[in-house]
Amino acid sequence: MKYRLYVDEVGNPDLKSSENEEHRFLSLTGVAFEIDYVSKVLFPELEKIKKHFFNSHPDDPIIFHRKEILKRKPPFSALKDQEVRERFNKTILDKLKSWEYTVFSVLIDKKEHDDRYATWKYDPYHYCQEILIERFRLFLNIKNQIGDIMFESRGGKEDTRLKRSYRKIMDAGTHNLSGADLDQHFTSKEVKVKPKSANVSGLQIADLIAHPARRWFYKN
């Protein structure tokens with residue numbers, strides 16, 4: 001079997017913005033699904049939910065995006081009806097409980113990091129990505145399987161930064177794992193990047209979970 005980690009980013013890596021409480025934290029959340037499970041279970045069940053509640057069509061598929069769902073704007077206007085909203089929320093929560101996947105979430109307090117290190121400072125984004133890769137590698141080792149990682153495209157410089165950071169980790173390794181070790185567990189040195197319009201079900205699940213995962217950190 002092969003696993004894929006679908007990753008969503010919350011926040012930004014800019015240390016200069018860390019004084020602003022709204023931009024103090026950066027987190028990366030990944031959901032690991034077995035590839036065949038995605039095609040046989042996750043994708044068809046997610047599309048069925050979209051069809052049932054929002055009349056999604058294969059030629060013009062609806063893409064789940066947490067922020068748009070919460071605002072109940074088109075194509076999610078049906079959620080303005082409380083009864084429909086309650087049924088939808090229950091359906092999604094029940095599926096999130098029953099689907100077979102594993103969540104990895106990494107968070108860095110940029111302000112604390114900036115205050116602690118006067119001269120040397122780890123790039124927040126690179127740090128979170130490195131830790132996420134380490135955790136996924138340990139997961140693959142336990143499962144005795146291989147895998148890869150996919151991020152949602154943010155376009156231009158953001159995608160370039162992502163790909164450069166990922167390739168650097170895969171070549172040089174992390175503080176705890178060598179590049180050779182990563183080669184044994186990952187099927188590619190290049191990260192996969194897909195636009196939201198690609199309707200990747202794993203990325204949509206990551207999007208739904210990422211913000212709640214970051215809030216969980218605050219409470220713990």
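The values are calculated or read from the model by the stated rules, or taken from the named source; none is laboratory data. Just so you know, these numbers come straight off a predicted model, no measurement behind them. All Cβ positions, even for glycine, are placed from backbone atoms using ideal geometry, and neighbour counts span all protein chains on display.
Among residues of the stretch 60-77 being assigned to a loop (DSSP other than H, G, I, E, B) and over 20 Å from the mean Cα position of the chain (by Cα), the one that is surrounded by the most Cβ atoms within 10 Å (Cβ to Cβ) is PHE76.
Give GLU112, GLU158, GLU152 a once-over and let me know the one that is at pLDDT below 85 and closer than 25 Å to ASN199 by Cβ. Please lay out each step first, then the result.
Details: GLU112 fails: closer than 25 Å to ASN199 by Cβ; GLU152 fails: at pLDDT below 85.
The match here is GLU158.
Taking the stretch 165-178 as the range and being at pLDDT 90 or above and in a helix (DSSP H, G or I) as the test, the residues that pass are TYR166, ARG167, LYS168, ILE169, MET170, ASP171, ALA172. With respect to (1) at pLDDT below 95; (2) more than 25 Å from GLU45 (Cα to Cα), the lone exception for PRO74 is condition (2). For the stretch 1-49, filtered to residues that are modelled with pLDDT of 95 or more and farther than 22 Å from PHE151 by Cα, the residue that is surrounded by the most Cβ atoms within 10 Å (Cβ to Cβ) is ILE49.
Could you list all residues from the stretch 179-211 that are without any contact (Cβ under 8 Å) to a residue 24 or more places away in the chain and not in a helix (DSSP H, G or I)? The one that is without any contact (Cβ under 8 Å) to a residue 24 or more places away in the chain and not in a helix (DSSP H, G or I): LYS189. Of all residues in the stretch 42-85, exactly one satisfies the criterion of being in contact with a strand residue (DSSP E or B) (Cβ under 9 Å, 6 or more places away or on another chain) and more than 16 Å from ASP207 (Cβ to Cβ), namely LYS51.
Can you confirm whether the stretch 166-178 contains a residue that is surrounded by fewer than 13 Cβ atoms within 10 Å (Cβ to Cβ), free of Cβ contacts under 8 Å to residues at least 24 places away in the same chain, charged (D, E, K, R) and farther than 18 Å from THR102 by Cα?
Step one: of the stretch 166-178, the residues surrounded by fewer than 13 Cβ atoms within 10 Å (Cβ to Cβ) are 171-172, 175-176, 178.
Then drop every residue that is not free of Cβ contacts under 8 Å to residues at least 24 places away in the same chain, which leaves 171-172, 178.
With charged (D, E, K, R) added as a condition, the list becomes 171.
Filter once more, keeping what is farther than 18 Å from THR102 by Cα: 171.
Yes - at least one qualifying residue is present in the stretch 166-178.
Name every residue in the stretch 32-59 that is outside any helix (DSSP H, G or I) and in contact with a Ser or Thr (Cβ under 7 Å, 6 or more places away or on another chain), in order of residue number.
ALA32 - this is the single residue of the stretch 32-59 that is outside any helix (DSSP H, G or I) and in contact with a Ser or Thr (Cβ under 7 Å, 6 or more places away or on another chain).
Looking for something free of Cβ contacts under 8 Å to residues at least 24 places away in the same chain, surrounded by 14 or more Cβ atoms within 10 Å (Cβ to Cβ) and not small (Gly, Ala, Ser) - is there at least one such residue anywhere in the stretch 139-156? Looking for residues that are free of Cβ contacts under 8 Å to residues at least 24 places away in the same chain, surrounded by 14 or more Cβ atoms within 10 Å (Cβ to Cβ) and not small (Gly, Ala, Ser), one finds none in the stretch 139-156, hence no. Within the stretch 78-102, residues that are part of a helix (DSSP H, G or I) reach partners that are among the basic types (Lys, Arg) with beta carbons closer than 7 Å, at six or more positions or on different chains, in the pairs LEU79/ARG72; LEU79/ARG85; LYS80/ARG72.
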